[in-house]
Amino acid sequence: MDKIFIIKVSLKYCRRVTIINMLNFNRNYQVVRSLLNPGRTIAGTCAMLLFLVFTTSAYSQTKNMPDIAPEDSAWVYAYAGFGYYEWKMMSQNEYLSLFGVDDMSGIDFRHEAEPFVLKKYGVKANIFLLSLGLDYFSDRFSFKTDFDNTRDLQQENDRRSEQLKFLSGLRFGSWAFSATALFRDFNSVLTSRGYRAINDTVVPVYYYDEDGGESTLSQGEKINWYTVFSEYELKIDHNMRWMIFGFGLKYKEYESPSVMDISSDPGQDGSILMYTRNRFVELFFASKALYPIAGDFYWQYNVPLSLTVWCEVANGHFSKKTLPLSAGSVGNISLTYLLSHFKVEAGFDYAMYFTMLQFNNVKLKKDVNFNDSYDGTVVPVSAGSSVDLEFNRLEFFWGFYLHASVFI
């Protein structure tokens, strides 16, 4: 049965820590698993949502609260601004080391992405029941609709960041039904630190690109590390002026290199870097509200919660679907100055994408080579063979933004 795990211990790690200190590893592993447990993540996010809802509700009873989303009721809404953002991809060894789990075998790398300074533009119109809008973020003062494909991002060293979002919807009083489409791409550099075997041998990493081509990355060798992302969302919102509560369904796709752990026979396992196409279906809930400070100044927060209910990972070597259960959150908090036709926001955006999937008995379409986790020797696996695969990805986005808007 295919399963999803928030943290895992594969055979290669068990063998290594047995040699070093199994008791110490078990203690650290339990800490990591506890911190990243999906149930705890869901419960914590729900608790935060409830706390913010009740706290803001209490203030709304004594304050004459303005409409939290004037862009949804104004005839015309437009904004402009900029954001300063960081993007960080972490290897499994790197993030486990944060919890005191050191000396792990497997692929290690350093992800280098210079901070992105994004220009942000947006416009929206509400004509009777219908709403139409457009958002565009870019690290250039330009606008285009043809986004880079994965081959461009693989071959070009140009660091870039873009996002384009289309919005449309229908509004009936305080209820709104909306559909959005979002497209973004990012490009950066990954520096290989090699594959460390249990016996401390360090060997080059096997890398399989978009075309299925095989290459090896020695220590210090660099490749372009990119993400091409698209998202389609259907949502229902209820606007209570001081707060908006919404829920809906998302379909997400992204293409990117990923770390894959592979096991072919008992005692033969390792890791590779492999390009993958990934599709996810998520249910999500969101809460957005104003918290009065003084005069026309407010705190504004947006805290969403998403649950993945289906996913597929595929490339030229394999294709596999599963029914996972995982949680994630992408939101922001800002200081807002709000008048009847003008708004200024200065805030903090955050996002975390954490994926670990396990696929059992995957039939390979092409030959694959990997390094054995114990001594680093090459293990060939021929097309048609069945293997177990584990898909790992941990990605962070965070940054600060400032923008001003007008609405009539």
All but one of (1) under 30 Å from F318 (Cβ atoms); (2) acidic (D, E); (3) modelled with pLDDT of 90 or more hold for D135, so report the exception by its number.
-> (1)
Out of G376, G399, report the one residue that is farther than 24 Å from W225 by Cα, open to solvent by less than 50 Å² (accessible area, probe 1.4 Å) and modelled with pLDDT under 95.
-> G376
Within region 294-311, residues touching a residue at least 40 places away in the same chain (Cβ under 8 Å) and over 20 Å from F354 (Cβ atoms) come out as D296, F297, Y298, Q300, Y301
Out of all the residues in region 322-361, which are under 19 Å from the mean Cα position of the chain (by Cα) and part of a loop (DSSP other than H, G, I, E, B)?
-> L323, P324, L325
If you go through F342, F297, F354, the only one that is at pLDDT below 90 and open to solvent by 10 Å² or more (accessible area, probe 1.4 Å) is F354
Considering each of S264, S287, S306, S334 in turn, give the residue that is modelled with pLDDT under 90, open to solvent by less than 60 Å² (accessible area, probe 1.4 Å) and closer than 27 Å to T180 by Cα.
-> S306
Complete set of residues in region 384-396 that are open to solvent by 50 Å² or more (accessible area, probe 1.4 Å) and at pLDDT 90 or above = S386, D388
So S218 fits all but one of (1) more than 15 Å from the chain's Cα centre (by Cα); (2) among the small types (G, A, S); (3) surrounded by 19 or more Cβ atoms within 10 Å (Cβ to Cβ); what number is the exception?
-> (3)
Kindly list, by first and then second residue, each pair from a residue in region 169-193 that is crowded, with 20+ Cβ neighbours inside 10 Å to a residue that is at pLDDT below 90 and assigned to a loop (DSSP other than H, G, I, E, B), limited to pairs with Cβ atoms under 6 Å and residues at least 6 apart or on different chains.
-> D185/F147; D185/D148; N187/R159; S188/A113
Residue count, region 322-375, condition aliphatic (A, V, I, L, M) and farther than 18 Å from E282 by Cβ, comes to 9
Which one of these is farther than 30 Å from G376 by Cα, open to solvent by 40 Å² or more (accessible area, probe 1.4 Å) and modelled with pLDDT under 65: T55, T145?
-> T145
So, in region 102-121, of the ones that are under 19 Å from the mean Cα position of the chain (by Cα) and in a loop (DSSP other than H, G, I, E, B), which residue ends up modelled with the lowest pLDDT?
-> A113
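The values are calculated or read from the model by the stated rules, or taken from the named source; none is laboratory data. This one's a predicted model, so the numbers in the text were calculated from it and none came from an experiment. Positions of Cβ are generated from backbone atoms using ideal geometry, with glycine treated the same way; all protein chains shown enter the neighbour counts. Note: accessible area is taken over every heavy atom of the protein model, side chains too, but ligands, DNA and RNA are not part of it. Shrake-Rupley method; radii C 1.70, N 1.55, O 1.52, S 1.80 Å.
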